[in-house]
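Any read-out appearing in this document is the output of simple, stated calculations on the displayed coordinates, not a laboratory observation. As the structure is a prediction and not an experimental result, all values here were calculated from the model. Positions of Cβ are generated from backbone atoms using ideal geometry, with glycine treated the same way; all protein chains shown enter the neighbour counts.
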Amino acid sequence: MSWADLVNNNLVGSGNVSKAAICGFDGSVWGKSDNFKLETAEAVAAGRGFQNKDTLLGTGMRFEGEKYFVLQADDERIIGKKGSNGFFIYKTGQAVIISIYEGGVQPEMCSKTTGALADYFKSINY
């Protein structure tokens, strides 16, 4: 299974995530959903975001050129919101998983679905 398949089947395919990507800490995109227009600088910022957690609370983050407010940032998860849309970034041993929710997608379900994949990655030391 490819990284894109993992994103499309486990995240977007669940109906709990609108767009998603799995990236390395250096911002390299391993796999993403086709509808996610993730820019290189945004992937780099997500990959490095856990090093700058306190700064993110003041500056926010951008995805697809849209600025989101960062509501919470800790060692394992970053949460952001813009209007009725938002994102979750989960950190694993070797990657970050970015999930965007839009429209009628419930934030709690987006977080739960993304967190479950992150937990799986951690369980296999990834």
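Brief remarks follow.
- The chain: most fluctuating residue of Leu56, Leu11, Leu71 per GNM, C-alpha cutoff 10 Å: Leu71
- Efficiency of FRET between Gln106 and Leu71 - r from beta-carbon atoms, R0 22 angstrom, step 0.05: 0.85
- Length-normalised contact order for the chain - Cα pairs under 8 Å, 6+ apart - percent: 23
- Placing dummy labels 7 Å off each Cα toward the beta-carbon, the span from Ile124 to Thr55 is 3.3 nm.
- Qualifying trypsin sites (Lys or Arg not before Pro) in the range 11-117, where qualification requires a DSSP coil assignment and no more than 13 other C-beta atoms within 10 Å, comprise Lys37.
- FRET efficiency, 1/(1 + (r/R0)^6) with R0 22 Å, evaluated for Ser2 and Glu39 via beta carbons: 0.55
- Inter-centroid distance (Cα atoms) of the range 1-44 relative to the range 85-126, Å: 10
- Rh by Kirkwood over Cα pairs, then Stokes-Einstein D for the chain at 1.002 mPa s and 20 °C, µm²/s: 153
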